[in-house]
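Quick notes on the structure that follows.
The values are calculated or read from the model by the stated rules, or taken from the named source; none is laboratory data. Note that the coordinates shown come from a computational prediction; the quantities given were computed from them, not determined experimentally. We place every Cβ from the backbone using ideal geometry, glycine too, and count neighbours over all the protein chains shown. To get the accessible areas, we keep the full protein, side chains included, count just its heavy atoms, and leave off ligands, DNA and RNA. Shrake-Rupley method; radii C 1.70, N 1.55, O 1.52, S 1.80 Å.
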Amino acid sequence: MLSSQEYKDLEKKYYMQVVNRMPPVLIKGKGTIVTDTDGNDYLDFTAGWAVLNLGHSHESVTKAVSEQAGKIMQMSNLFYTIPQLSLAKTIVDNSDVDKVFFCNSGAEANEGASKLARKWGKLKLNGAYEIITTLNSFHGRTQAMMAATGQPHYQNNWKPLMPGFVNVEYNNLDEIKNAYNKNTCAVLIEPVQGEGGVNIPDEGYLKSVQEFCRSKNILFMLDEVQTGMGRLGTLFGYQSFDGVEPDVMTLAKALGSGAPLGAFCTKDFCSVLEPGDHGSTFGGNALTTSAGAAAADYMVKNNIPTMARNSGIYMREKLTNLKETVDQITEIRGMGLLIGVEMQQEISAKIVGEAVNKGLLINAVRPNMIRFMPPLNVSKEEIDQAVSILESIYKTL
Ligand SMILES: *Cc1c(COP(=O)(O)O)cnc(C)c1O
């Protein structure tokens, strides 16, 4: 094995420089802990970007993947394979959607949902094609999803943007009503905005958007790429909001528990895609869906979303106590185990850098906000440790 510096040199020389990486070169992970080349352990409160909701190398997932790898990994959707059916059934049995299509990422899931929405518009709304999304949203980085993502810094270098997306203020029904016109075929929003800074909508917002969509016969689509699979304390994020039931829902991140897997799901009444309309070479691949099926099954049987809810309450309580003693902290926001700490100054990069040095991995989601998205089965002791590392950092600012 090379030294960590040598790996960093390789990265600089051979890898496209599109991200600023954190210092550790990581070689393994178990549960909430990851280990670097020098043998240092870190508490991973990023969970591989809200992906490892059961933690690193969860037994149920590694077993399913290694068994499946020895049987059959890939056949294309020209043929029936079994793991995708098992996962599709688990999703449908535990939600309000009726049909599932698997793809490989969140952006692709939203692309698929957008295609479905445009077909809905073509069939039912005289060719309506426009999709209303929100400012500060994040829907992915493909050409269409850059237009859907209402954040200038994901858009400015790539204009002209794909037409057919309108970005309006989040948490504001009137803005959606004003943006609506005869070309509108759908609304696509996150139940809680993740990358936008852990923004939780007011009570009733999602439901009122849903009601507005129903009244206009346009599709109410939820991007659950980050909020799905237990993150908010319910298996799907929308289930944390009374009376909310999307027509279309997209998933990715934690769906494959580390395997690249996304999905868009729909109710039967708007399941308008037909043979030839959509496809994906790897989508629904036996390897990735075996990981997803094992993870989803474990999650449901062991009530992991409830653990997330309780641990989220516990962690927010601890952070709220910390806030009492630290002037720098202005707000604790969160639902389940998607938690943000907002600060007076734009010092999140500094806090994150110091946290790594003390063995805690977190994310600077905004210049003045750090975000926590640990595995959902994180222990109380690990939460205590993380908060105490944070406390030691704030105390020495
Ligand atoms: C991460 C994310 C995406 C994009 O997912 P990729 O797999 O990176 O394409 C889309 N929507 C939301 C809400 C996300 O958090």
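Here are some notes:
- Between 0 and 90 degrees, the angle of helix 205-216 with respect to the longest Cα principal axis of the chain falls at about 20 degrees.
- Region 72-301 - percent of accessible surface contributed by carbon and sulfur, probe 1.4 Å: 52
- Averaged over its residues, the chain has an accessible area of 45 Å² per residue, based on protein heavy atoms and a 1.4 Å probe.
- Loop sites in region 150-257: trypsin sites (Lys or Arg not before Pro), DSSP, at most 12 other Cβ within 10 Å: Lys182
- Segment Ala69-Asp384, extension gain: residue separation times 0.36 nm, minus the distance between their alpha carbons: 109.6 nm
- Rounded to 10°, Cα long-axis angle of helix 4-14 versus longest principal axis of the chain: 40
- You can think of it this way: the chain between Asn178 and Asn321 has 47.3 nm of extra reach, that is 0.36 nm per residue less the Cα-Cα gap.
- When peptides 264-276, 333-345, 1-13 are sorted by average Cβ neighbour count within 10 Å, with the highest value leading, the order is 333-345, 264-276, 1-13.
- Amide H contacts under 5 Å for Thr134, placed H, 5+ residues apart: Gly150, Val168
- The chain: angle of helix 304-325 to the longest principal axis, Cα-based, in degrees nearest 10: 50
- Amide H contacts of Thr32 (H built 1.01 Å from N, under 5 Å, at least 5 apart or other chain): His56
- Subtracting the Cα-Cα distance of Lys395 and Ile313 from 0.36 nm times their residue separation leaves 27.2 nm of extension gain.
- Where labels lie 7 Å past Cα in the beta-carbon direction, separation of Thr281 and Leu123 in nm: 2.9
- Here, region 72-301 is characterised by an Rg to Rh ratio of 0.95, where Rg is the alpha-carbon radius of gyration and Rh the Kirkwood radius.
- Here the peptides 285-298, 15-28 are ranked by packing, the mean other Cβ count within 10 Å, and the order with the highest first is 285-298, 15-28.
- Burial ranking of peptide ranges 65-77, 34-46 (average Cβ count within 10 Å, highest at the top): 34-46, 65-77
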